[in-house]
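Take a look at the structure set out below.
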Amino acid sequence: MTAQTLRSVPLIPGPAPYLPAIPGPSIPLLESLRGTRSIYVEFYDPGGQRFGLPTYPYRDAPGGWLTRRQLRARGLRPGGQPPAGQVLWRHRGKRRVAYLYLESLALPVRPMTPAMWRSHAAAMCARMTCPVCGTWRPYCIPVSRGMCNDCDAGSAP
């Protein structure tokens with residue numbers, strides 16, 4: 001056991017047959033479109049009957065339900081909670097999904113330790129050292145060329 005104190009995180013029942021999903025909040029505009037044929041209506045399922053989780057179309061997730069990237073932009077992480085819902089959309093003929101997490105259950109991101117900072121610095125130093133001439137450059141060596149600009153200019157005809 002670590003020195004951290006463990007706290008219980010309330011779980012939202014998932015799409016398992018014995019644990020039905022908690023219905024998500026409805027969106028009035030999408031409720032008014034229910035009788036029509038639209039991509040918004042195709043991916044609108046706040047009850048989770050069709051897709052197993054409360055589902056919303058692209059850009060129409062309810063407030064307080066965020067993706068991992070949105071949580072990270074606010075300095076948060078899911079913290080072990082299961083997805084509360086999902087956003088579905090089509091892109092280039094394929095169905096894409098982004099899972100939504102409740103902001104109220106999210107935890108702050110863990111700060112980087114000194115060992116993590118050292119590891120990051122070593123990785124960046126390796127990316128900035130030319131494998132041909134072995135000199136450190138103030139930029140990352142392009143993977144497409146595999147050498148620094150000076151070495152590339154010297155090898156060009």
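Answer yes or no as to whether Trp65 is surrounded by 11 or more Cβ atoms within 10 Å (Cβ to Cβ) and either in contact with a His (Cβ under 8 Å, 6 or more places away or on another chain) or at pLDDT 90 or above (or both). Here the answer is yes, as Trp65 does meet what is asked. The set of residues in segment 105-157 that are aromatic (Phe, Trp, Tyr) and not in a loop (DSSP other than H, G, I, E, B) comprises Trp117, Trp136. Within segment 40-62, does at least one residue satisfy the condition of being at pLDDT 85 or above, surrounded by 13 or more Cβ atoms within 10 Å (Cβ to Cβ) and touching an Asp or Glu at 6+ places or on another chain (Cβ under 6 Å)? Yes: one or more hits. When segment 119-139 is filtered for residues that are within 30 Å of Leu76 (Cβ to Cβ), surrounded by 11 or more Cβ atoms within 10 Å (Cβ to Cβ) and more than 25 Å from the chain's Cα centre (by Cα), only Arg127 remains. Does segment 106-118 hold any residues that are of a type outside the set (Gly, Ala, Ser) and more than 24 Å from the chain's Cα centre (by Cα), and which are they? Matches in segment 106-118: Pro114, Arg118.
Scanning segment 63-104 for residues that are among the basic types (Lys, Arg) and in a helix (DSSP H, G or I) yields Arg68, Arg69, Arg72. Six or more apart or on different chains, Cβ under 9 Å: which pairs go from a residue in segment 81-92 that's in the same structural domain as Arg69 (by TED's automatic domain parsing) to one that's acidic (Asp, Glu)? Could you list them? These pairs meet every condition: Val87/Asp60; Leu88/Glu42; Leu88/Asp45; Arg90/Glu42.
The values are calculated or read from the model by the stated rules, or taken from the named source; none is laboratory data. Because the structure is predicted, anything quoted here is derived from the model rather than measured. Here Cβ is always computed from backbone atoms with ideal geometry, including for glycine, and neighbour counts include all displayed protein chains.
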